[in-house]
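*Asks:* Dumping the structure here so I can ask a few things about it.
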Amino acid sequence: MLDDHGAVLGDLFAQPFTSAYLGAVLAHDYETHRHLLNVGMLSARVAQTAGLSRDETVVLGQAGLFHDIGKLHIRRALLNARHTLSEAEWRILRAHAARGEQMLNAQGVPALAAIVRSHHERLDGSGYPDGLRGMAIPWETRLLSVVDAYDAMRSGRPYAIAIAHEEALERLIAADHLFDIDAVAALAATLGAKHANREALARIS
Ligand SMILES: [Fe+2]
């Protein structure tokens with residue numbers, strides 16, 4: 001299956017709106033563009049590890065590539081804000097998930113749109129926009145959420161420094177009320193987890 005990875009990566013960029021959307025993101029906010037490329041490519045690899053079909057793998061990779069596309073409608077100063085955000089600012093930021101869904105539905109790709117809408121849902125119901133719980137969150141979304149959180153931790157943000165691979169995995173494992181442990185295991189298997197905390201990884205192997 002991994003032999004097929006190069007071809008899958010080619011398909012990741014096959015949607016006719018890919019260049020326009022990613023180009024617009026690059027012009028708007030470099031960090032978001034970098035994050036989308038990372039999450040798109042890593043999501044496709046994790047999908048293959050998790051045994052998704054070829055078509056499902058491409059959909060998940062493309063969902064990764066566009067999951068934050070709704071941030072095109074948020075001003076760059078807010079995306080990179082270093083101050084403590086007000087409730088109104090959080091509301092604007094959180095709206096990117098539903099906004100991304102609308103943009104992708106307008107492009108006629110409802111399967112992508114559905115995953116993008118739910119990428120901030122969390123197992124305990126604390127996520128948004130719908131407060132979905134547990135298995136009500138689709139498996140593809142649970143995989144994408146883990147990859148998204150991993151890349152965010154590894155990259156650093158204006159408000160947080162980047163952390164090491166091992167620690168990022170351990171934080172995901174510890175946050176099993178938020179993230180699906182099987183999805184974390186798929187990520188760990190994809191990236192190689194030999195340096196991570198053995199005790200923690202034993203729980204997911
Ligand atoms: Fe997001």
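Taken together, the values in this text are just the output of simple stated rules run on the coordinates, not laboratory data. Please read all numbers here as calculations on a predicted model, not as lab measurements. As a convention, Cβ positions derive from the backbone with ideal geometry for all residues, glycine included, and neighbour counts pool all protein chains shown.
*Asks:* For the stretch 69-82, give me each residue that is within 13 Å of the ligand (Cβ to nearest atom) and touching a residue at least 40 places away in the same chain (Cβ under 8 Å).
*Replies:* Residues satisfying the conditions are ILE69, GLY70, LYS71, LEU72, LEU79.
*Asks:* Next question. If you check LEU22 against the conditions, is it in a helix (DSSP H, G or I), farther than 22 Å from SER118 by Cβ and away from the ligand (no atom under 15 Å from the Cβ)?
*Replies:* No.
*Asks:* Can you go through LEU60, LEU42, LEU85, LEU104 and tell me which one is of a type outside the set (Lys, Arg) and not in a helix (DSSP H, G or I)?
*Replies:* Among LEU60, LEU42, LEU85, LEU104, only LEU85 is of a type outside the set (Lys, Arg) and not in a helix (DSSP H, G or I).
*Asks:* When you look at LEU123, is it of a type outside the set (Val, Ile, Thr), in contact (Cβ under 8 Å) with a residue 40 or more places away in the chain, outside any helix (DSSP H, G or I) and more than 15 Å from the ligand (Cβ to nearest atom), yes or no?
*Replies:* Answer is yes for this residue.
*Asks:* Could you list, in sequence order, the residues of the stretch 14-38 that are surrounded by 14 or more Cβ atoms within 10 Å (Cβ to Cβ) and either without any contact (Cβ under 8 Å) to a residue 12 or more places away in the chain or in contact with a Ser or Thr (Cβ under 9 Å, 6 or more places away or on another chain) (or both)?
*Replies:* Answer for the stretch 14-38, where residues must be surrounded by 14 or more Cβ atoms within 10 Å (Cβ to Cβ) and either without any contact (Cβ under 8 Å) to a residue 12 or more places away in the chain or in contact with a Ser or Thr (Cβ under 9 Å, 6 or more places away or on another chain) (or both): VAL25, LEU26, GLU31, HIS33, ARG34, HIS35, ASN38.
*Asks:* Looking only at residues that are among the charged types (D, E, K, R) and assigned to a loop (DSSP other than H, G, I, E, B) in the stretch 126-159, which one is nearest to PHE17 (Cα to Cα)?
*Replies:* ASP130
*Asks:* Now for a different question. Could you check VAL59 against (1) within 16 Å of the ligand (Cβ to nearest atom); (2) more than 16 Å from ALA97 (Cα to Cα) and say which number it fails?
*Replies:* The one condition VAL59 does not meet is (1).
*Asks:* What is the number of the single condition among (1) assigned to a helix (DSSP H, G or I); (2) within 13 Å of the ligand (Cβ to nearest atom); (3) within 14 Å of the chain's Cα centre (by Cα) that ALA114 does not meet?
*Replies:* Among (1) assigned to a helix (DSSP H, G or I); (2) within 13 Å of the ligand (Cβ to nearest atom); (3) within 14 Å of the chain's Cα centre (by Cα), ALA114 violates only (2).
*Asks:* Let me ask another. Somewhere in the stretch 83-100, is a residue under 17 Å from the mean Cα position of the chain (by Cα), touching a residue at least 40 places away in the same chain (Cβ under 8 Å) and within 16 Å of the ligand (Cβ to nearest atom)?
*Replies:* No.
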